[in-house]
Amino acid sequence: MGGLVQKVKLFGEYIPWFQAMRDKGAIAFDELGLPTPKTEAWKYTKLRDLNTDDLVIEPSNFLAEMRVAAEEACGCHHENGGCGCHHHHGEGCCCGHHHEEGECHCHEHEEGHVCECQQKLHVPFEAYVIHFEKGKMIPPFPDFPRGVEVMNLMESVITEDAKEYLGKVVDIKLHPFAALNNAYMEEGIYLCVHKNVKIDKPIVLINHTQSGEENIFFNIRNLIVLEQGAEAEFVEWYNYTGAVKSRYFANAVNEIVLGKNAKLSHYKLQDEAFKANHIALSVVKQKADSNYHNFCLQRGANIGRNEVKVLLNDENASAEVNAAYIMSGWATLDTTTDILHLSPRTYSSQLVKGVVGGEAKGVFQGKIHIAKDAVQTEGNQLHRALLLSDTAEIDVKPELEIFADDVKCSHGAASGELDENQLFYMQSRGIGREEAKQILIDAYLNEALDKVKNPEIRAWLSDYAHAPQE
């Protein structure tokens, strides 16, 4: 048991440059401390559930992951959420457990524990699927096409593939939970798409968390590099399975580097347990003519914060950062964006829409920064929220920082309730009131969901956005 700062055994302590990054993260978090309402970037999101001493960090699993990934004799492939074990394993399987009579025992069948093989979690589109459980990778990786390099983060540290960018995209002095992530950095993936390579289908990273896993604290760090002219789609899915709503803390950081004319579509579904805490930061550095397209749907967690920071470093770089959130109960869902236009002729747009019921709180903090020489730049931002109860709350802080002339910038924020006239009209046509409310909510969210470029991913996210919350 312990709080946010614990002394735990992590793999790679003997690698000087990497361990130095961890040490800097620990020092930075110690100096910054846990954000409070007096911390400007966090004044609307109260971290009421993280000042605790009962969090559990599980021991390092990296060596086991490497052993499993190296095992070639096993026919067990975790694809689209299931286990494809179809062989009898006399000596045991790469899952780390024994297979008898063709059955799969990838996880212990303990009381209250749901085996991943039984979850049947399905990705309803063609994809390269990578599985994590409680922040730890479940090998092996799928077979990627030529020109796409994917490995466990620690493997990329050992080979030094990650050394050029890892820890250099995020400024941990500005982000306390990224500093904490640095201190525990071990699990995650390194993805590099080589020059002019276009991946034929999305890469999906699923993190599974299950009921009965109370107070778990895990960190995930992903490093994504697209070289010049490369194109890819990357999907994060934080999935909770179980009837009992577990309390745990997921802390995720993505460092993303886009080369000249590279294009990345980055989608995320945050569907954590309703007692969970989920804090995530993605920082993107873009070169000339590159394009970054981001969409996040949040519908779970007690405290959920998704923060995206984009640095448009060179001319004609563009970014589109959109989101939707829907919640009730006592949840707080926070969407924070920071778009920095650092060169001329850069473009950004943002659309965030939320639906808030019960005593829940929605938070939107969006900043557009136009640097001194970033002329002929355009940045647009819009947040809208729908309040379903008198006790629901929305806190909004849109910001424009403009230090250049000859730019086009706009921002706006609005909140309101369901239109009683529309509800009355639908009821007069024989539609029940609750059904009519759901139809209006779905239509309201569709404006944001329509920003998702991939139609199959859009349909998948729409199913979750329109599904009733438990």
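What follows draws every value from the coordinates through simple rules; no lab data is involved. Here the structure is a predicted model, which means the values were calculated and not measured. Here Cβ is always computed from backbone atoms with ideal geometry, including for glycine, and neighbour counts include all displayed protein chains.
Need one number: nm distance between label points at residue 400 and residue 31, each 7 Å from Cα along Cα→Cβ, rounded to one decimal. Roughly 3.5 nm, to one decimal. When only alpha carbons of region 1-63 are considered, Rg and Dmax amount to 14.5, 42 Å.
When you filter the chymotrypsin sites (Phe, Trp or Tyr not before Pro) in region 318-415 for DSSP loop state and at most 12 other Cβ atoms inside 10 Å of their Cβ, you are left with 403. Across region 128-233, C-alpha contacts under 8 Å between residues 6 or more apart give a mean separation that, scaled by the residue count, equals a relative contact order of 39 percent.
For residue 58 and residue 380, the difference between the fully extended length at 0.36 nm per residue and the C-alpha to C-alpha distance is 111.6 nm. Of the trypsin sites (Lys or Arg not before Pro) found in region 377-448, those that fall in a DSSP loop while having at most 15 other beta-carbon atoms within 10 Å are 429.
Gain on full extension, evaluated as 0.36 nm per residue between residue 9 and residue 160 minus their Cα-Cα distance, stands at 52.2 nm.
Averaging Cα coordinates gives a centre for region 196-220 and one for region 358-420; these two points are 29 Å apart.
Taking 0.36 nm per residue of sequence separation and subtracting the Cα-Cα distance, how much length would be gained by fully extending the chain between residue 168 and residue 201, in nm to one decimal?
Here the answer is 9.0 nm.
For the chain, the relative contact order is 9 percent, taking Cα pairs closer than 8 Å that sit 6 or more residues apart in sequence and dividing their mean separation by the residue count. Taking amide H atoms as placed 1.01 Å from N in the peptide plane, the amide H of residue 129 lies under 5 Å from those of 80, 204, each 5 or more residues away in sequence or on another chain.
Provide the packing ranking of 410-417, 204-211, i.e. peptides ordered by the mean count of other C-beta atoms within 10 Å per residue, highest first.
The packing order, highest mean first, is 204-211, 410-417.
Working from label points 7 Å from Cα in the Cα-to-Cβ sense, the residue 149 to residue 424 distance is 6.6 nm. Considering helices alone, the calculated mean residue ellipticity of the chain at 222 nm is -5000 deg cm²/dmol, with DSSP H runs of length four and up weighted by -39500 (n - 2.57) and normalised per residue.
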